[in-house]
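I am attaching a structure below and will ask some questions about it afterwards.
The values are calculated or read from the model by the stated rules, or taken from the named source; none is laboratory data. Source: prediction; values computed, not measured. All Cβ positions, glycine included, derive from the backbone under ideal geometry; neighbour counts span all protein chains shown.
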Amino acid sequence: MSVKLIIEDPVVARWGETMEEVGWGPWQYPTLSKADDGTIVLSCASGPDSSTSFGHELNWAVSADDGRSWSIADPSVKVHAGTRLPDGRILRNPSRKITPVPEDQLPEPIAVHPVQGKVFLMDDLPDGMVSKEWLLTRTTKDGGVEELRSPIDWPYFATTYKYESLLTPFMFGRPRIAPDGSVWMPHYGIIPSPENGGYSPFYNAFYLKSTDCGESWSLESWIPYTPDIREFPGAFTDAEGFCEADVAFTPDGSMISLIRSGSTTPSYITRSADGGKTWEKPRIFDKCGVWPTLLVLDCGVTVAGYGRPGFFLRGTDDPSGMEWGDPVALIPYADRSRDGNTVPENPGDDWKFGTCSYCDLLALSADEFLLAYSDFYYPDDAGVKRKAVLTRRVKVIKE
């Protein structure tokens, strides 16, 4: 399953301030999309890593030469950002502002999560209090943009209450196009079992499907997080559960999903041989892996990007996508808190990581792709270590 990755030098897509100035959140979490004319559109976060930033405008950049150079763009380019549907339209899944609600107007929660707050079933909330549909956008064939209020067939769908607000539901994942043209969305949350409403304090992974280009969605399957201290000693104490999953449709006709379990905990991989209806027991993929990202190239190679600590690329030409080559470190699995302009006396994890370890991957050809990721300590021309969103062109070679 050996695949060689030929990785070009990094190019700065967007410069940010220093870590000392802005800390964790801004200039992180990059995404890549391609416009009709081939221009590549990049976005990254502009505010703190908190639900209070949901719905805020992002930072944007564009490249007309496949990532060799970048220019700053205004928010109007976001019409080109998103998932391209089989008919050429673009489906976008923007985050939405949280909905302020006085607590005395809420029913009794089904549970209280120590981090995410009070948990409410959507069916228990009064109509009109918060959207019970996905609020998506989709381009039209005449170049406009339409708003979608997409109903969801999901038993025991739930949301959370924090910061005196309800979390307005939006999909915590990337829409992916299946070979049959359907749209799949991996999602996660403190959401009860869709089978019986049972509550878990851990995140669970959910897989939704749309057969009408995003106009409606149904829950196809889910993977409950079941802690196993034989595999991972911190399964109960350190993990968040199964979250931030991605899916890919592999050359053998099956599906794989790569799943985060926490900020510095193992990532897991699983396979479905029946079109996403059921999944094999997830197994550990690597010792880390937030927001793991999958890309299947036309040459038959599947690539994954993930990390924290560090940032890694990994490839395979296994048609099932289950046997992988060794990871390649672009940022080391190490404490980087001494790499900035100053050395904090008591550095937190944000300083130690030196990257959010989130990434995005975009195919450029049958055997090439563009990678975007963050580095918090990238030197500018004056030698000042600044937060930066970097891109690198990568070619794959089967060995």
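Output the residues belonging to region 214-239 that are surrounded by 16 or more Cβ atoms within 10 Å (Cβ to Cβ) and part of a strand (DSSP E or B).
217, 219, 220, 221, 222, 223
Please go through (1) closer than 26 Å to residue 183 by Cβ; (2) surrounded by 19 or more Cβ atoms within 10 Å (Cβ to Cβ) for residue 299 and return the number of the only condition it doesn't satisfy.
(2)
Scan region 104-127 residue by residue and report those that are surrounded by fewer than 12 Cβ atoms within 10 Å (Cβ to Cβ) and under 21 Å from residue 172 (Cα atoms).
Scanning region 104-127 gives 114, 115, 123.
From the residues in region 101-127 that are outside any loop (DSSP other than H, G, I, E, B) and without any contact (Cβ under 8 Å) to a residue 40 or more places away in the chain, which one is nearest to residue 156 (Cα to Cα)?
That would be 123.
A further question follows. So which pairs qualify, if the first residue must be in region 368-397 and touching a residue at least 40 places away in the same chain (Cβ under 8 Å) and more than 15 Å from residue 11 (Cβ to Cβ), the second must be crowded, with 24+ Cβ neighbours inside 10 Å and of a type in the set (Lys, Arg), the Cβ gap must be under 6 Å, and the two must be at least 6 apart or on different chains?
Here the result reads 376/387, each pair linking region 368-397 to a residue that is crowded, with 24+ Cβ neighbours inside 10 Å and of a type in the set (Lys, Arg).
Just the residues that are more than 30 Å from residue 335 (Cα to Cα) and either part of a loop (DSSP other than H, G, I, E, B) or free of Cβ contacts under 8 Å to residues at least 12 places away in the same chain (or both), please, taken from region 240-257.
Listed by number, the residues that qualify are 250, 251, 252, 253, 254.
Something else: Any residue in region 77-100 that is touching a residue at least 24 places away in the same chain (Cβ under 8 Å) sitting within a Cβ distance under 6 Å of a residue that is in a helix (DSSP H, G or I)? List the pairs, counting only those 6 or more apart or interchain.
From residues that are touching a residue at least 24 places away in the same chain (Cβ under 8 Å), the pairs are 98/51.
Working only within region 128-166, note down all residues that are buried (at least 16 other Cβ atoms within 10 Å of the Cβ), part of a loop (DSSP other than H, G, I, E, B) and of a type in the set (Gly, Ala, Ser).
Hit for region 128-166 is 131, nothing else.
Same structure again: Would you confirm whether or not region 314-323 contains a residue that is within 26 Å of residue 43 (Cβ to Cβ) and either within 19 Å of the chain's Cα centre (by Cα) or assigned to a loop (DSSP other than H, G, I, E, B) (or both)?
Yes, the conditions are met somewhere in region 314-323.
Right, something else. Scan region 258-281 for residues that are in a strand (DSSP E or B) and either more than 18 Å from residue 179 (Cα to Cα) or in contact with an Asp or Glu (Cβ under 7 Å, 6 or more places away or on another chain) (or both) and jot them down.
258, 259, 260, 267, 268, 269, 270, 271 - these are the residues of region 258-281 that are in a strand (DSSP E or B) and either more than 18 Å from residue 179 (Cα to Cα) or in contact with an Asp or Glu (Cβ under 7 Å, 6 or more places away or on another chain) (or both).
Whether any residue in region 10-24 is surrounded by 18 or more Cβ atoms within 10 Å (Cβ to Cβ), farther than 26 Å from residue 353 by Cα and either in contact with a Leu (Cβ under 7 Å, 6 or more places away or on another chain) or modelled with pLDDT of 95 or more (or both) is what I want to check.
no
Shifting gears a bit: Any idea which residue in region 39-85 is nearest to the chain's Cα centre (by Cα), counting only those that are aromatic (Phe, Trp, Tyr) and either surrounded by fewer than 16 Cβ atoms within 10 Å (Cβ to Cβ) or under 30 Å from residue 182 (Cβ atoms) (or both)?
Taking the candidates together, the pick is 54.
Could you grab me the full set of residues in region 250-274 that are hydrophobic (A, V, I, L, M, F, W, C) and under 26 Å from residue 308 (Cβ atoms)?
255, 256, 258, 259, 269
Within region 214-224, is even one residue over 30 Å from residue 90 (Cβ atoms) and under 22 Å from the mean Cα position of the chain (by Cα)?
Yes, region 214-224 has at least one match.
Still on this structure, I have one more. Mind counting the residues in region 360-396 that are over 23 Å from residue 316 (Cβ atoms), acidic (Asp, Glu) and more than 19 Å from the chain's Cα centre (by Cα)?
Adding up the residues that qualify gives 2.
What pairs come up if the first residue lies in region 1-21 and is in contact (Cβ under 8 Å) with a residue 40 or more places away in the chain and among the hydroxyl-bearing types (Ser, Thr, Tyr), the second is in a strand (DSSP E or B) and surrounded by 15 or more Cβ atoms within 10 Å (Cβ to Cβ), and their beta carbons are under 8 Å apart, counting only those six or more places apart or on different chains?
Matching pairs, first to second residue: 18/385; 18/386; 18/387.
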